[in-house]
1. Can you give me the long-range amide H partners of Asn93? Hydrogens built in the peptide plane at 1.01 Å from N, cutoff under 5 Å, separation of 5 or more residues or another chain.
2. Quick check on the exposure proxy: order Asp56, Asp38 from fewest to most C-beta atoms within 10 angstrom.
3. May I ask you to derive the relative contact order of the stretch 2-155, considering only C-alpha pairs under 8 Å and at least 6 residues apart, and to give it as an integer percent?
4. From Cα pairs below 8 angstrom and at least 6 apart in sequence, can you work out the relative contact order of the stretch 1-45, rounded to a whole percent?
5. If you place +1 on the Cβ of every Lys and Arg and -1 on the Cβ of every Asp and Glu, how big does the dipole about the Cα centre of the chain come out, in debye to the nearest 20?
6. Along the principal axes of its C-alpha atoms, what lengths does the stretch 1-49 span, in descending order and rounded to whole Å?
7. Dipole of the chain (Lys/Arg Cβ +1, Asp/Glu Cβ -1, origin at the Cα centre): which of Ser35, Ser90, Ile122 lies farthest to the positive side?
8. Among the aspartates and glutamates, which fall within straight-line cross-link reach of Lys104, defined as a Cα-Cα distance under 12 Å, with same-chain neighbours fewer than 8 residues apart omitted?
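All of the numbers you see were taken from the coordinates with simple rules; none came from a lab. What you see is a predicted model, and the numbers here were worked out from it, not measured in a lab. Heads up, the Cβs are rebuilt from the backbone with ideal geometry, glycines too, and the neighbour counts pull from every protein chain shown.
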Amino acid sequence: MRIGFGYDSHRFAEGRRLVLGGVEFPGEPGLEGHSDADALLHSVIDALLGAAALGDIGSHFPDGDPKWRNADSAMMLKAVVAELASAGFSIGNIDATVVCERPKLSPKIGAIRERLAELLEIPVSAVSVKGKTNERMDAIGAGTGLAAYAVALVFDAKGTA
């Protein structure tokens, strides 16, 4: 088995949709970024790629490539899941945390877990998502953006490292 860690952060940006974990948060400002800026999915992508030693999100979906402008991060994650499968890996579980003062995540945690499980092709019981505040400390605490962290467990074809 292998473990990977992922991180992403984005500033809030008016005029964009807020999407976290593939779930939309209507009425909230979106995130600034080249793609749809789904920081949660981006952290999961990096955790998976890191566990399999397959690079990082920037090497697979470079922000200088217009092909990825406003791209749906769910499709990016599906591509990474397929790449892991082609390389002989299966996903064991994901544990993720979003740090933000807003929006309140708890009403949508179930929907986010279900969407992640669907995208990752694993049971919902293998997906953990938590929301935390930064207790009004630093830029995230001031409400100017958010950050997401993820840890992924993957297995190779033999179930070993």
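1. When sequence neighbours closer than 5 places are left aside, the close amide H contacts are Leu153.
2. Numbers: Asp56 13, Asp38 30.
So the ranking, lowest neighbour count to highest, is Asp56, Asp38.
3. Result for the stretch 2-155 is 33 percent.
4. 43
5. 300
6. So the extents along the principal axes, rounded to whole Å, are 41, 17, 12.
7. Highest projection toward the positive end goes to Ile122.
8. Once the sequence-local aspartates and glutamates are set aside, what remains near Lys104 is Glu28.
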